[in-house]
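Visitor: Please see the structure below; I have some questions.
The values are calculated or read from the model by the stated rules, or taken from the named source; none is laboratory data. Since the structure is predicted, the reported quantities are computational estimates derived from the model, not experimental observations. For neighbour counting, all protein chains shown are included, and Cβ atoms are generated from backbone atoms with ideal geometry for every residue, glycine included. The area values use the complete protein model at the heavy-atom level, side chains included, leaving out ligands, DNA and RNA. Shrake-Rupley method; radii C 1.70, N 1.55, O 1.52, S 1.80 Å.
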Amino acid sequence: MSLTREQRRSLYLHTAIAKALRHRPTEVIEIARENIDKMRSVNPQAWRLLDEWERILKGTTSEIVASMLDPSEHGQDLRQVSPFAGVLTADQRADAYRRFRKAEAKRKHPST
C-alpha cells in the first residue's frame with residue numbers, strides 16, 4: 001500500500017510523538033485521555049475511533065506505539081483522530097516536519 005504525502009507526514013509526526021511517549025509515558029497518556037474527552041464533544045461521529053484510542057491507551061507503551069505507527073488503512077484512520085495534540089512542543093513539531101521534508105526530498109531525488 002502506498003501512502004499519500006499527507007499520510008506520510010502524519011506518520012512522521014507520530015514517530016516524534018512515539019519518542020515522547022517512550023520518554024514520558026504517564027504524561028503523554030494523560031494528555032491523550034484529556035484530548036479524547038474534548039474530542040468527543042467536538043467530533044461525536046468519531047466515537048468508534050475514540051473508543052478504540054481509549055482501549056489502546058490502556059495497553060503497554062509498545063502496544064500504543066504500534067497502533068500509532070501502524071501503516072495500514074486502519075492505522076491511517078486512527079491517526080486522523082489522533083488524541084496526541086499538545087504532546088510535542090512547537091520546536092519538536094517543527095523538527096519533525098523538517099525531517100519529513102528532507103526525507104521527501106530524498107524520496108523524489110534518491111541520488112542527492
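Visitor: Can you pull out the residues in region 86-112 that are within 17 Å of Ala20 (Cα to Cα), open to solvent by 70 Å² or more (accessible area, probe 1.4 Å) and part of a loop (DSSP other than H, G, I, E, B)?
Guide: Matches in region 86-112: Thr89 only.
Visitor: Answer yes or no as to whether Leu13 is in a loop (DSSP other than H, G, I, E, B), under 29 Å from Ala103 (Cα atoms) and open to solvent by less than 70 Å² (accessible area, probe 1.4 Å). Spell out how you get there, then give the answer.
Guide: Numbers: in a loop (DSSP other than H, G, I, E, B): no; under 29 Å from Ala103 (Cα atoms): yes; open to solvent by less than 70 Å² (accessible area, probe 1.4 Å): yes.
The answer is no for Leu13.
Visitor: While we're here: Do you know which residues across region 58-67 are in a loop (DSSP other than H, G, I, E, B) and either over 17 Å from Glu34 (Cβ atoms) or under 13 Å from the mean Cα position of the chain (by Cα) (or both)?
Guide: From region 58-67, those in a loop (DSSP other than H, G, I, E, B) are 58-60; that's our starting set.
Hits for region 58-67 are Gly59, Thr60.
Visitor: Another question, if that's okay. Consider Asp70 carefully, then state whether it is of a type in the set (D, E, K, R), part of a helix (DSSP H, G or I) and open to solvent by 40 Å² or more (accessible area, probe 1.4 Å).
Guide: Working: of a type in the set (D, E, K, R): yes; part of a helix (DSSP H, G or I): no; open to solvent by 40 Å² or more (accessible area, probe 1.4 Å): yes.
Spelling it out, it is not the case that Asp70 is of a type in the set (D, E, K, R), part of a helix (DSSP H, G or I) and open to solvent by 40 Å² or more (accessible area, probe 1.4 Å).
Visitor: Here's a follow-up. Can you tell me which residue among Ser72, Ser41, Ser2 is touching a residue at least 60 places away in the same chain (Cβ under 8 Å) and either of a type outside the set (Ser, Thr, Tyr) or over 23 Å from Asp95 (Cβ atoms) (or both)?
Guide: On the way: Ser41 fails: touching a residue at least 60 places away in the same chain (Cβ under 8 Å); Ser2 fails: touching a residue at least 60 places away in the same chain (Cβ under 8 Å).
Of Ser72, Ser41, Ser2, the one residue that is touching a residue at least 60 places away in the same chain (Cβ under 8 Å) and either of a type outside the set (Ser, Thr, Tyr) or over 23 Å from Asp95 (Cβ atoms) (or both) is Ser72.
Visitor: Residue under question is Leu21, and the condition is that it be open to solvent by less than 50 Å² (accessible area, probe 1.4 Å) and either modelled with pLDDT under 95 or over 16 Å from Ala85 (Cα atoms) (or both); does it hold?
Guide: no
Visitor: Considering only residues that are in a helix (DSSP H, G or I) and open to solvent by less than 50 Å² (accessible area, probe 1.4 Å), which ones fall in region 73-85? Reasoning before the result, please.
Guide: Initially, region 73-85 is screened for residues in a helix (DSSP H, G or I), giving 73-80.
Result: Gly75, Gln76, Leu78, Arg79.
Visitor: State which residue pairs qualify: first residue at positive phi and inside region 86-112, second residue in a helix (DSSP H, G or I) and of a type in the set (S, T, N, Q) in any location, beta carbons under 8 Å apart, and separation of 6 or more residues or different chains.
Guide: Qualifying pairs under 8 Å: Gly86/Asn35.
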